[in-house]
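The values are calculated or read from the model by the stated rules, or taken from the named source; none is laboratory data. From a predicted model like this one, the values you see are computed outputs, not experimental measurements. Reconstructed Cβ throughout: ideal geometry from the backbone, glycine too, with neighbour counts over all protein chains shown. Keep in mind that these areas ignore ligands, DNA and RNA; they rest on the heavy atoms of the full protein, side chains included. Shrake-Rupley method; radii C 1.70, N 1.55, O 1.52, S 1.80 Å.
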Amino acid sequence: MYDLIIIGMGISGISAAIYAKNSGLNVLLLEKDTPGGLLNKINKINNYPGYSEVAGPDLSLALFESVNTLGIPYKIAEVESIEVKEDKKIVKTTLDTFESDFVIIASGRKNRKLGLSNEEKLLGRGISTCALCDGALYKDKEVAVVGGGNSALEEALYLSNIVKKVYLIHRRDTFRADASLVEQVKMQKNVEILYDSEITAVVEEDNKLKEILVNKEKHLEVSALFTYIGFEPNHDFLRTLEITDKFGYIKVDKNYETKIKGIFAVGDCIKKDIYQLITAANDGAVAALNVRKQKNVKKKG
Ligand code: NAP
């Protein structure tokens, strides 16, 4: 029996765990995959205080070191459901079932898909969501990046230093990304920008990506397609709780508590205005301190 179970070891979950542990809560962290979450897929971060520039996997490792230094217990297990029994929370995972007074959901977001029929099948066979992980495989080849936000432009820039040519495909005629980044991309000679362009098909040969079709008419023979078209929340295990909006983001109050007493949510899986590393870390800290407050009230009562 724990005071608090935190689901997810991205920056918001680990931030919550640090504050929970330091305020004396008996806490367990659960993660289904790699600690650090989406951080592991980010090439370069230059907006996190304390670091003029840091690679995502390095920040991820630093966070994981904090978990170990503070002796915070964690388990690698996928959460299947959360049930509420009186004021106890029952968290069922692929490993075991755990109980706690409080839960903080910090399950983050996953990459949005284009929704093309063979996209899933070609993931890892020419289609990728991680330039940092897969870019080197396409050295001196032609590749495409789809998206118009900061992620797509940053990763197009990163790839342009490895590959022969990058087609940057965006569905509108203006980018959502920061102006300075757009300027840098435009100056890169081996990046060709295709505005008002939608990928209408991905064509495979021998189980690998062969080419992409743009606006139903333009065939681009590329060795890889990197998709950076935003994110959607990881919320499969939340189905029965009814705490999300119609897009799957968890609704919380100003204390990061959901409509279910004792269940909090933080980071990229909640409905909010700004999705940044620093705001995710803030969410985790505030939620953990609010759990501490409620635990104190419970004890006194
Ligand atoms: P994003 O800002 O949501 O941008 C997603 C892009 O994909 C948009 O340009 C969107 O087009 C396009 N898109 C969405 N669905 C599409 C579809 N079905 N087909 C084709 N294109 C589609 O996502 P992001 O770039 O991953 O950034 C997420 C957040 O992280 C943002 O707040 C961003 O600022 C932040 N971020 C910050 C940094 C940094 O500060 N260094 C780096 C990376 C990310 P439209 O523009 O037409 O909607």
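Evaluating Asp236 against the criteria (1) open to solvent by 70 Å² or more (accessible area, probe 1.4 Å); (2) acidic (Asp, Glu); (3) at negative phi; (4) at pLDDT 95 or above leaves one unmet condition, (4).
Quick one: Lys139 ticks every box in (1) modelled with pLDDT of 95 or more; (2) open to solvent by 50 Å² or more (accessible area, probe 1.4 Å); (3) closer than 19 Å to Glu232 by Cα except a single one, so which number is it? So the condition that Lys139 fails would be (3). Total residues in the range 196-234 satisfying the condition of being touching a strand residue (DSSP E or B) at 6+ places or on another chain (Cβ under 7 Å), in a strand (DSSP E or B) and among the basic types (Lys, Arg): the figure is 1.
With among the aromatic types (Phe, Trp, Tyr) and open to solvent by less than 30 Å² (accessible area, probe 1.4 Å) as the only criterion, which of Phe264, Phe231, Phe247 stands out?
Phe264
Of note, Ala77 does not satisfy the criterion of being among the aliphatic types (A, V, I, L, M) and buried (at least 22 other Cβ atoms within 10 Å of the Cβ).
With respect to Tyr48, is the statement that it is open to solvent by less than 80 Å² (accessible area, probe 1.4 Å) and in contact (Cβ under 8 Å) with a residue 24 or more places away in the chain true?
Details: open to solvent by less than 80 Å² (accessible area, probe 1.4 Å): yes; in contact (Cβ under 8 Å) with a residue 24 or more places away in the chain: yes.
So Tyr48 passes the test.
Residue count for the range 1-44 satisfying the condition of being out of contact with any Leu (no Cβ under 6 Å at 6 or more places or on another chain) and part of a strand (DSSP E or B): 4.
Would it be correct to say that Leu29 is open to solvent by 30 Å² or more (accessible area, probe 1.4 Å), more than 16 Å from the ligand (Cβ to nearest atom) and touching a residue at least 24 places away in the same chain (Cβ under 8 Å)? Here the answer is no, as Leu29 does not meet what is asked. Among the residues of the range 281-301, not a single one is open to solvent by less than 10 Å² (accessible area, probe 1.4 Å) and touching a Pro at 6+ places or on another chain (Cβ under 9 Å).
In the range 209-225, the condition of being within 16 Å of the ligand (Cβ to nearest atom), under 24 Å from the mean Cα position of the chain (by Cα) and not basic (Lys, Arg) is met by at least one residue. Of the residues making up the range 193-208, those that are closer than 22 Å to Ala136 by Cα and either open to solvent by 70 Å² or more (accessible area, probe 1.4 Å) or within 16 Å of the ligand (Cβ to nearest atom) (or both) are Ile193, Val202, Glu205, Asp206, Asn207, Lys208. Note on the range 244-293: among residues that are away from the ligand (no atom under 16 Å from the Cβ), among the β-branched types (Val, Ile, Thr) and part of a helix (DSSP H, G or I), the one that is nearest to Glu53 (Cα to Cα) is Val286.
Looking at the range 78-188, the strands (runs of 3 or more DSSP E) lying wholly inside it that each contain 1 or more residues that are in contact (Cβ under 8 Å) with a residue 40 or more places away in the chain and within 16 Å of the ligand (Cβ to nearest atom) sit at 109-111, 142-146, 165-169.
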